[in-house]
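Input: a single structure, listed below in structure tokens.
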Amino acid sequence: MVSEATSAGGEVIAPNVLAGRLRLLMVRLSRQLRRRDPSELTIAQLSALATVVLSGPLGVGQLAEIEGLPSPAATRLADKLEVAGLIARRMNPADRRGVQLVATPAGTKLLERRAQVGNAWLAEHLSALSQADRLALERAVAVLESFVTERLGEPPDSSEDRHQPKETRA
């Protein structure tokens with residue numbers, strides 16, 4: 001069962017209060033990461049590039065679905081990434097009318113460099129946490145990941161076992 005969030009004093013925090021704290025925290029964490037690794041790309045462009053690198057090759061429609069964007073916005077993102085030399089459009093071998101977005105070596109290298117810099121800073125802070133805190137954070141990350149993978153317009157899945165931690169840990 002998903003446990004209720006509680007304050008340091010043990011009281012249950014109302015969802016709207018927790019949402020406010022979480023949003024502010026994410027903005028501040030994002031700002032910290034961007035300070036350590038400034039980029040000429042926007043957050044939307046970085047996210048789209050990561051999707052193409054990690055999930056590609058894929059069509060613009062698939063990119064739009066994964067990123068939760070309308071197709072025209074995904075097309076504009078793909079155009080900008082292509083002009084920057086970070087992705088390329090290739091003929092779809094299964095459908096000659098369609099194209100697929102594929103990462104270029106420069107796109108893959110940029111994403112890897114950004115991940116190394118940002119991950120190093122985060123890993124340094126995570127290594128200072130207790131095992132219990134790291135496990136709690138791992139569970140919170142899994143819950144947050146599920147937020148971004150939900151289909152737009154669909155209510156969140158409220159099944160009780162959806163956010164249970166993995167039974168085995170490395």
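Enter the mean projected area of the convex hull around the alpha-carbon atoms of segment 1-102, in nm², rounded to one decimal.
9.9 nm²
Can you give the Rg to Rh ratio for segment 89-150, taking only C-alpha atoms and Rh from Kirkwood?
On the way: Rg = 18.3 Å, Rh = 15.1 Å.
Reported Rg/Rh, Kirkwood definition of Rh: 1.21.
With only Lys, Arg, Asp and Glu charged, each at its Cβ (+1 for the first two, -1 for the last two), find how big the charge dipole of segment 11-110 is about the Cα centre; round to the nearest 20 debye.
It comes to approximately 260 debye.
Relative to the compact-globule scaling 2.2 N^0.38 Å, provide the ratio for the alpha-carbon radius of gyration of segment 30-89.
Details: Rg = 11.6 Å, N = 60, 2.2 N^0.38 = 10.4 Å.
Taking N as the residue count of segment 30-89, the ratio is 1.11.
Laboratory data are not the source of any read-out in this text; all were calculated from the coordinates shown. Owing to the predicted nature of the structure, the values given are computational and were not obtained by experimental measurement. Cβ: placed from backbone, ideal geometry, glycine included. Neighbour counts: every protein chain shown.
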